[in-house]
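Take a look at the structure below.
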Amino acid sequence: QKEVEQDPGPLSVPEGAIVSLNCTYSNSAFQYFMWYRQYSRKGPELLMYTYSSGNKEDGRFTAQVDKSSKYISLFIRDSQPSDSATYLCAMSGTSYGKLTFGQGTILTVHP
Amino acid sequence: AAGVIQSPRHLIKEKRETATLKCYPIPRHDTVYWYQQGPGQDPQFLISFYEKMQSDKGSIPDRFSAQQFSDYHSELNMSSLELGDSALYFCASSRRASGRLVTDTQYFGPGTRLTVL
C-alpha cells in the first residue's frame with residue numbers, strides 16, 4: 001500500500017464550480033504538505049505549502065490539513081478552464097526532505 | 001524569476017547506452033533533488049544533495065549515479081540503459097532555512113524526457 005493515496009479521478013466540472021481534491025496518508029511523520037499542479041509534459045508547479053494542521057488560503061485556493069485524520073484537501077473556488085491539469089499532493093517529514101507524492105488527480109474544467 | 005534549468009529537454013538512447021542529465025538549480029539554492037516520473041505515474045524520489053554531499057537516497061538503481069558540483073549544479077548519470085528507464089526525469093531545488101521553515105519548498109524544473117529504444 002502506498003504511503004499517500006489520492007483519488008486519481010478524472011474529475012470533470014463546469015466553469016465556476018468549487019473543486020475539492022483530497023489525499024490520505026499513513027506515515028504520521030509527515031509534517032509538511034504541498035499541492036502541485038502539473039500540466040501535460042511539464043514540471044510540477046507549487047500551488048500551496050502548509051506546515052502541520054490548519055488552513056491556508058491563497059486567492060481561489062484553500063489548503064486544509066487534518067493531521068489527526070491524516071487527511072489533506074485542496075479547494076478551488078470559481079474554477080476556470082485554465083485550472084485543467086493534474087493536481088498532485090505531496091508531503092515530507094522534514095522541511096528539506098524528499099517528497100512523497102500521491103498518484104495525482106486529473107481535473108478538467110469545461111466552459 | 002529564475003527557475004530550475006534542465007538539459008537536455010529530450011533524449012533518445014538505445015538499450016545499454018549511457019545518458020547524462022544536467023540540472024542547474026535556482027540561484028542561491030543549495031539542495032538538489034532528482035525524481036523519476038513514469039507514464040501516468042507520480043514522481044518517485046531518486047536522490048538528493050545538500051552542499052555537494054548526498055543527503056538522501058531513494059529507489060535509485062545501482063546503474064545510476066549522481067553528484068552535485070561546486071557551482072551547485074547536479075548531474076545524473078545513467079548507464080546500461082533499459083527500456084524501463086524511459087520516463088520524465090525532474091530536478092528540483094530548494095534552499096535550507098537557517099532557522100525556521102517555509103523557504104525549503106522544492107521548485108521543479110521542466111524535466112528531461114528520456115526515451116530508451
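The values are calculated or read from the model by the stated rules, or taken from the named source; none is laboratory data. Treat the numbers as computed from the prediction; the structure is a model and nothing was measured. With ideal geometry, Cβ positions are generated from the backbone for all residues, glycine too; neighbour counts draw on all protein chains shown. All accessible areas refer to the heavy atoms of the entire protein, side chains included, with ligands and DNA or RNA removed. Shrake-Rupley method; radii C 1.70, N 1.55, O 1.52, S 1.80 Å.
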Could you tell me whether B:Lys22 is at pLDDT below 95, away from every other protein chain (no Cβ under 12 Å) and in contact with a strand residue (DSSP E or B) (Cβ under 6 Å, 6 or more places away or on another chain)? no
Looking at B:Leu88, B:Leu81, can you tell me which residue is touching a residue at least 40 places away in the same chain (Cβ under 8 Å) and more than 19 Å from A:Glu45 (Cα to Cα)? B:Leu81
Pairs only if they're at least six apart or on different chains, beta carbon under 6 angstrom, first in segment B:1-19 and part of a strand (DSSP E or B), second of a type in the set (D, E, K, R); list them, first residue then second. B:Ser7/B:Lys22; B:His10/B:Arg113; B:Ala19/B:Lys13
Please determine whether any residue of segment B:23-41 is within 13 Å of the chain's Cα centre (by Cα), of a type outside the set (D, E, K, R), over 27 Å from A:Ala85 (Cα atoms) and surrounded by fewer than 20 Cβ atoms within 10 Å (Cβ to Cβ). no
Selection from segment A:48-93 of residues polar (S, T, N, Q) and open to solvent by less than 60 Å² (accessible area, probe 1.4 Å) yields A:Thr50, A:Ser52, A:Thr62, A:Ser73, A:Ser79, A:Gln80, A:Ser84, A:Thr86, A:Ser92
Taking into account only those residues within segment B:70-87 that are assigned to a loop (DSSP other than H, G, I, E, B) and under 13 Å from the mean Cα position of the chain (by Cα), which is surrounded by the fewest Cβ atoms within 10 Å (Cβ to Cβ)? B:His73
With a cut-off of at least 2 residues that are touching a residue at least 24 places away in the same chain (Cβ under 8 Å), name the strands (runs of 3 or more DSSP E) lying wholly within segment A:9-111. A:11-14, A:19-25, A:32-38, A:45-51, A:61-66, A:71-76, A:85-92, A:105-110
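Of A:Gly102, A:Gly9, A:Gly97, A:Gly16, which residue is touching a Ser or Thr at 6+ places or on another chain (Cβ under 6 Å) and of a type in the set (Gly, Ala, Ser)?
Selected residue: A:Gly9, the only one of A:Gly102, A:Gly9, A:Gly97, A:Gly16 that is touching a Ser or Thr at 6+ places or on another chain (Cβ under 6 Å) and of a type in the set (Gly, Ala, Ser).
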Test: B:Phe90 is within 14 Å of chain A (Cβ to nearest Cβ), closer than 20 Å to B:Gly111 by Cβ, buried (at least 17 other Cβ atoms within 10 Å of the Cβ) and among the aromatic types (Phe, Trp, Tyr): yes
